[in-house]
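The values are calculated or read from the model by the stated rules, or taken from the named source; none is laboratory data. Note that the structure is predicted; figures quoted are calculated from it, not measured. Positions of Cβ are backbone-derived with ideal geometry, glycine not excepted, and every protein chain shown enters the neighbour counts.
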Amino acid sequence: MRQQPESFSFRWTATVVLLIVNAVVFVVQMGVLRTSFVDQYLALSLDGLRHGFYWQLLTFQFLHGGFLHLAMNCWALYMFGREVEWTLGVPRYLTMYFLSGIVGGLFQEFVALIWPQYFGSAVVGASAGILGVVAAYASLFPERTLTLLLAFVIPVNLRAKYLLLFSLALAALGISFPKSIFGGGVAHAAHLGGILTGLAFIRFATEAPEISWPKFGSRKPARSNLKAPIWARVTKEDPTEVPPDKFISHEVDPILDKISAHGIQSLTEQERKILEAARAKMAKR
């Protein structure tokens, strides 16, 4: 709702930074690093964890098995990450993203202990963290209709909560039947861990009043315990009486800054009303 300047203005977000870092690391991985070095020290493996290479739980999230692997992960992160980031705020968003990746990696290595012949290979990819973001999106917006391209050709409309159920089912089938068509050398246990972490994070680590739990019910709105800092507190001036330019700079911008810092769940009822008033003012211009 900020008024944009006439020239193009690029906005840095955590999602954009993650996309750029993944792309840069991929170039370094393919063009500079030796495959043996990547597999031994940076990709996630049981052998690496046994040797104390615990940083692999983080580094494996920035590595990819090929350009298509990278492209699919970046597309999913771009599609779902932006709105989740805006809703949760940057600190919580990044915490959930990396925590989903770490827990997903631990899930994968736990399954590798049980079935090393099927899951013992080194693991790379941002999929666990990204599926945590997808799970968070489905928790926040379960009834949102998504248009997906089946086999990159056939458009399919699907509600977010059903995409979540499909992702859970695919991960479970991949773990249960690793030699079937559902296996395919994919780190399904990491995917499952990422999904469950995203769901748990939204359920227990946030108080967003917009959340409807995706098991086809809705959760009672919770009051946020975050207080607006001084720079984000709004005046009691009637929004309808303030000139549009002054209203945007004095009333709306601090609220947008607050959303960026703490997430939309931190807004008070009065701040939400001001955003609605701003939307009405912008529509009349």
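Data table
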| quantity | calculated |
| --- | --- |
| Search result, residues across the range 25-49 that are polar (S, T, N, Q) and farther than 19 Å from PHE107 by Cα | GLN29, THR35, SER36, GLN40 |
| Sole residue being closer than 29 Å to LEU113 by Cα, within 21 Å of the chain's Cα centre (by Cα) and surrounded by 12 or more Cβ atoms within 10 Å (Cβ to Cβ), chosen from LEU19, LEU46, LEU57 | LEU57 |
| Checklist (1) closer than 16 Å to ALA76 by Cα; (2) assigned to a loop (DSSP other than H, G, I, E, B) applied to LEU164, failing item | (2) |
| Residue ID - surrounded by the most Cβ atoms within 10 Å (Cβ to Cβ), chosen from residues in the range 24-38 that are over 26 Å from the mean Cα position of the chain (by Cα) and not aromatic (Phe, Trp, Tyr) | LEU33 |
| Candidate set from the range 256-285 (those that are at pLDDT 70 or above and not in a helix (DSSP H, G or I)); member that is farthest from LEU140 (Cα to Cα) | THR268 |
| Residues being hydrophobic (A, V, I, L, M, F, W, C) and surrounded by fewer than 21 Cβ atoms within 10 Å (Cβ to Cβ) - total across the range 133-159 | 10 |
| In the range 111-130, the residues that are exposed (fewer than 15 other Cβ atoms within 10 Å of the Cβ) and of a type in the set (Val, Ile, Thr) | ILE114 |
| Residue match in the range 159-174 (condition: within 25 Å of VAL38 (Cα to Cα) and of a type in the set (A, V, I, L, M)) | no |
| Single condition TRP12 does not satisfy, out of (1) within 17 Å of ALA126 (Cβ to Cβ); (2) modelled with pLDDT under 95; (3) among the hydrophobic types (A, V, I, L, M, F, W, C) | (1) |
| Subset tally (residues that are out of contact with any Phe, Trp or Tyr (no Cβ under 9 Å at 6 or more places or on another chain) and under 16 Å from TYR137 (Cα atoms)) for the range 93-109 | 3 |
| Search result, residues across the range 184-217 that are small (Gly, Ala, Ser), modelled with pLDDT of 70 or more and part of a loop (DSSP other than H, G, I, E, B) | GLY184, GLY185, ALA187, ALA205 |
| Subset tally (residues that are part of a helix (DSSP H, G or I), without any contact (Cβ under 8 Å) to a residue 40 or more places away in the chain and within 30 Å of LEU88 (Cβ to Cβ)) for the range 11-40 | 8 |
